[in-house]
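Comments concern the structure below.
The values are calculated or read from the model by the stated rules, or taken from the named source; none is laboratory data. In this text, all values refer to a predicted model and were calculated from it rather than measured experimentally. Note that we place each Cβ from the backbone using ideal geometry, even for glycine, and neighbour counts take in every protein chain shown.
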Amino acid sequence: MPALDLVVFSLALPLTVGVVQVLKEAALPTRYAGVAALATGVLAGLLVRFSGIGDGPLALAALTGAIAGLSAAGAWSGARALRE
């Protein structure tokens, strides 16, 4: 069983955080931020894979992006909770 592509993960995670933050500032309701992070993570994972940086099957890149998106949402939520 192939492992998650750490190159895709390490590039998709900050891309996801940035894109979701821009979407929230552009009037995305906060309650949809998790769904936006998941979708953005999948797209970022595929984008990184199509750019030739990552390797492996497309499904693995999409899964890695989804995990990166959910990780980004969790990290953002945890940082916000610590700040408050």
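Of everything listed in (1) more than 10 Å from the chain's Cα centre (by Cα); (2) buried (at least 17 other Cβ atoms within 10 Å of the Cβ); (3) at pLDDT 90 or above, the single unmet condition for Val22 is (2).
What is the residue count in segment 64-84 for residues that are surrounded by fewer than 18 Cβ atoms within 10 Å (Cβ to Cβ) and in contact (Cβ under 8 Å) with a residue 12 or more places away in the chain? Number satisfying all stated conditions: 3. Test Arg31 against the criterion of being over 8 Å from the mean Cα position of the chain (by Cα), part of a helix (DSSP H, G or I) and farther than 14 Å from Leu4 by Cα, and give yes or no. Yes: the conditions hold for Arg31. The set of residues in segment 28-55 that are in contact with a Leu (Cβ under 9 Å, 6 or more places away or on another chain) and at pLDDT below 85 comprises Ile53, Gly54.
Restricting to segment 30-52, what's the tally of residues that are basic (Lys, Arg), surrounded by 19 or more Cβ atoms within 10 Å (Cβ to Cβ) and under 21 Å from Arg80 (Cβ atoms)?
Of all residues in segment 30-52, those basic (Lys, Arg) come to 31, 49.
The next check asks that each one be surrounded by 19 or more Cβ atoms within 10 Å (Cβ to Cβ); those that pass are 49.
Applying the additional criterion that residues be under 21 Å from Arg80 (Cβ atoms) yields none.
Looking only at that region, the number is 0.
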